[in-house]
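The values are calculated or read from the model by the stated rules, or taken from the named source; none is laboratory data. None of the values given here were measured: they were computed from a predicted structure. No Cβ is skipped: glycine too gets one built from the backbone with ideal geometry, and neighbour counts run over all protein chains shown. Note: areas computed on protein heavy atoms with side chains; ligands, DNA, RNA excluded. Shrake-Rupley method; radii C 1.70, N 1.55, O 1.52, S 1.80 Å.
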Amino acid sequence: MLLFVGLGNPSLNSENNRHNIGFKIIDAINKEFKLSKQKPKFKGLLTTGNINDKKVYAIKPLTFM
């Protein structure tokens, strides 16, 4: 099992800020490996799927850093 946590701030003002690179990496992983649609869970947006037969969880926390 793999867990990816992309850190960032969940506001529109922070969307293109360099501190939100973690969110962009999670979005790229989701797109590249066609993980599930983002669902709200654990105070974040969670996606799940498989990469090379390993279960993968990717989350973007919705709490401010």
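Principal-axis analysis of the Cα atoms of the chain puts helix 21-33 at an angle of about 30° to the longest axis.
With the largest listed first and rounded to whole Å, the semi-axes of the equivalent ellipsoid of the chain from the Cα gyration tensor are 21, 12, 9.
Taking 7 Å steps out from each Cα toward its Cβ at K31 and E15 produces label points 1.4 nm apart. Amide H to amide H, with H built 1.01 Å from N, F4 comes under 5 Å of Y57, A58, I59, counting only residues 5 or more places away or on other chains. On the protein heavy atoms, probe 1.4 angstrom, tell me the percent of accessible surface of the chain carried by carbon and sulfur. Taking all protein chains in place, the chain shows 57 percent carbon and sulfur surface. Basic side chains Lys and Arg get +1 at the Cβ, acidic Asp and Glu get -1 at the Cβ, and with that the dipole of the chain about its Cα centre reaches some 160 debye.
With every protein chain kept in place and ligands, DNA and RNA left out, what is the accessible area per residue of the chain? Probe 1.4 Å, answer in Å².
So the chain comes to 75 Å² accessible per residue, rounded to a whole number.
Computed over the chain, relative contact order equals 42 percent, with contacts defined as Cα pairs under 8 Å that lie 6+ residues apart.
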